[in-house]
Each structure stands twice: as C-alpha cells, then as structure tokens.
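Everything on this sheet refers to the single structure shown next.
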Amino acid sequence: MQRSGADRILLGMTTIVRTDRPALTETALQMTSGGRGVLAADESIKTMSARLEAEGIPASDVTRRDYRELLLTADGLSESVSGVILADETFGQELGDGRHFPIAARELGILPGIKVDTGTTPLPGQDGALITEGLDGLGGRLASYADRGAAFAKWRAVFDVGTTTEYVARANAHALARYAALCQEHGIVPIVEPEVLCTGDHPLAASAETTGLALTTVFDELDRAGVDLTGIVLKPNFVTPGLNAPKASAHDIAAATFEVLVDTVPAAVPGIAFLSGGHPTEDVCAFLKELSAVPNRPWNVTFSFGRALVSSALRAWGGDADSIAAAQRELRENCRQAAAAALG
C-alpha cells in the first residue's frame, strides 16, 4: 500500500516502513510556505468541553464534532490554512455528510495532522517543572494515523521561565526527539513544539534565555536521534515578556525572537510555524509581520495559532446552527489576517 511519505511493506506481523525523505521535506514546505499556516484545533476533550461550556454550549462528542466541522468546512479556508491539527477524538469522527475528518480535510485542500502527546505531568524533583507523556505505544498509534491519512503530527513540550533547568530542558528535548524520529519512520512530518510559557511577569531577556536553552537542547537531541531536519516543522513561541510584565513593541519582540532563532535553529529546517501562546490575535499577527520582514531568513515563517484564530468564531457560533456562517466569517478573517502577516 502506498502512503504519502513512506512505503509500507507487511511481512507477517511486522511492518517495515521505508521513509521517503524528499516527501517529508515537500510536506513541511507545503505546511509553511506561501503565507499559509497551520490551524490548531487539537484541544483535549477536557479543554474543548470547558471552552464550549464557557460559551453556554453543552459539551458532548457531538458538539465538539460540530464545532470542529464548522472550522474545517469554512469556505475558502485553504487559501490561508495549509494544515489542521486534530485531536484523536476528532480524527476518528465523521462530518455530517459521512466523510471522516482527515479525508474531508484533504479533499478541501488542507493537510490533516494529529496531536499525539497525552499531556503533561510534573517532573519529579524539579520544583513543578513539567514533562510531556505519550511515548508508550506511539509507534503503533502513528502507524494507524498514517494509514488513515495523517500528513503530520504534533508533540508539545512545556517550559516555564521559573523552573526550566538544563535537566528539565534535556528531559523534554529527549522526548521530543524520540517522537520526531518515530514520526519520520512512519512517513509523518513531526511538528516539534517547545513552548516557553508567557504566563508571569518575567522580562523579555528571561524569555530569550529560556527559549534559547530549550531550542539548543532540542536540536542537540534531534541530532542525536538521527532526525532529518529537512522533514520537520518547528513550532516555537515568540520571545515576549510575561503577560503580567510591561509590554514590548512588536519590533523588539521580532528582533529578540530572530536573534534567538538564528543562534539555535539550523538553516536545514524548512519552516517555523509560531504558536500564539495566549496573546491576542492582533498582537501575534504584529509579531509575525515584523519577523517575516526580516531579510535573509534561512527558513519560512508562518503561524500555527489556535485560540488567536478560533476564539471569536466559537463565540459567534454559540452552538446555534443559524450562526455557523457568521462563525466561519470570523475564522476566515482571522486566518487571512495571520496569512497576510506571514507574507509581511
């Protein structure tokens, strides 16, 4: 059976996967070029249910599916969005017309992706620092996702300015590297997401220091794991002060972010898709616009936003079928704004 990114050969109970490296690079470039970006719609059942209920919408597998369906089927979404990250629940669901989400996404010109980590837990003895779990059985899950059409996957590691040490960075980077290597073995592009949280009152310099440590360690572990950097997408945070600290200008944030990236991210990486991290849509688009205007960048830069793109759409929908069109207009406008920023 031919799969994008890999040839699968079944020998008894063993599956040998021959990874097609050029196809991984092509997918990574498709995800991050031309101003298009990746829509993050991969909230866990618990998180998505809480967001629905906050808008007065009863949470269930049906309402979660209906919400993700209105996002995916927004007319013209593929003009701004290259891929969509789905949660496991959504990946296995069908749209109202009977098509499975990953199949419908491809038919709509959008690459389907899947979140494969299982969340965070405290790292023992590290003052509340977190480690991301989900490596157990990951190879088998990735094989299933690939067979059902996944083009890429996502794993998020979380770093806090106040608790990130070299050991914390190494533990999370090692998990990211193992995940990335497994993805590539199954013909799936890994989105590598080391997120330095923007919560708190830390200054810009502290964010830069922690982001630099996280990225340096991640790329060291990716190299040790034999990950092909031309077949990944990096999803980092912008380097910003904490949300409770005095604001910095978009220009200063872009300059600080680029300085960290150019010191830590190899030129072989095809594209960088930034997370929004809780910043308002207008702010992250301003950061991205400034950064995309930096000359002689070795990598594509674009967006992989979640709340910054979908929050107003969820509010406009409110669970009312008559408001789907209005919600989709909100989503399209936010995505167009982000795409315009990615093009500078």
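A single entry from Glu53, Glu79, Glu69, Glu94 fulfils the requirement of being within 23 Å of Ala143 (Cα to Cα) and modelled with pLDDT of 95 or more: Glu94.
Sort out which residues of segment 274-287 are more than 15 Å from Ala248 (Cβ to Cβ) and surrounded by 18 or more Cβ atoms within 10 Å (Cβ to Cβ), and write them in order of number. If the condition is that a residue be more than 15 Å from Ala248 (Cβ to Cβ) and surrounded by 18 or more Cβ atoms within 10 Å (Cβ to Cβ), then Phe274, Leu275, Ser276, Thr281, Cys285 are the ones that fit.
Let's see how each residue does on (1) of a type in the set (A, V, I, L, M, F, W, C); (2) modelled with pLDDT under 95; (3) touching a Phe, Trp or Tyr at 6+ places or on another chain (Cβ under 9 Å):
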{"site": "Arg148", "(1), (2), (3)": "no, no, yes"}
{"site": "Arg156", "(1), (2), (3)": "no, no, no"}
{"site": "Glu166", "(1), (2), (3)": "no, no, no"}
{"site": "Asn172", "(1), (2), (3)": "no, no, yes"}
{"site": "Gln184", "(1), (2), (3)": "no, no, no"}
{"site": "Ser207", "(1), (2), (3)": "no, no, yes"}
{"site": "Gly212", "(1), (2), (3)": "no, no, no"}
{"site": "Val218", "(1), (2), (3)": "yes, no, no"}
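Only one of the listed residues (Gly149, Gly212) is in a helix (DSSP H, G or I) and either surrounded by fewer than 21 Cβ atoms within 10 Å (Cβ to Cβ) or of a type in the set (Phe, Trp, Tyr) (or both). That residue is Gly212.
Please enumerate the residues belonging to segment 152-175 that are touching a helix residue (DSSP H, G or I) at 6+ places or on another chain (Cβ under 6 Å) and either crowded, with 17+ Cβ neighbours inside 10 Å or closer than 22 Å to Ala205 by Cβ (or both). Passing the criteria: Ala153, Trp155, Ala157, Phe159, Val161, Thr164, Ala169, Ala173, His174. In the set Pro236, Pro241, Pro190, only one residue is under 14 Å from the mean Cα position of the chain (by Cα), modelled with pLDDT of 95 or more and within 20 Å of Ala254 (Cβ to Cβ); that residue is Pro236. Restricting attention to segment 248-268, the residues being buried (at least 18 other Cβ atoms within 10 Å of the Cβ) and farther than 19 Å from Asp283 by Cα number 4. Of the strands (runs of 3 or more DSSP E) lying entirely inside segment 57-135, those containing at least 2 residues that are of a type outside the set (Lys, Arg) and surrounded by fewer than 21 Cβ atoms within 10 Å (Cβ to Cβ) span 120-122.
The values are calculated or read from the model by the stated rules, or taken from the named source; none is laboratory data. Please read these numbers as outputs of a predicted model, since none were measured by experiment. Quick reminder, even Gly has a Cβ in these numbers, built from the backbone with ideal geometry, and neighbours come from all protein chains shown.
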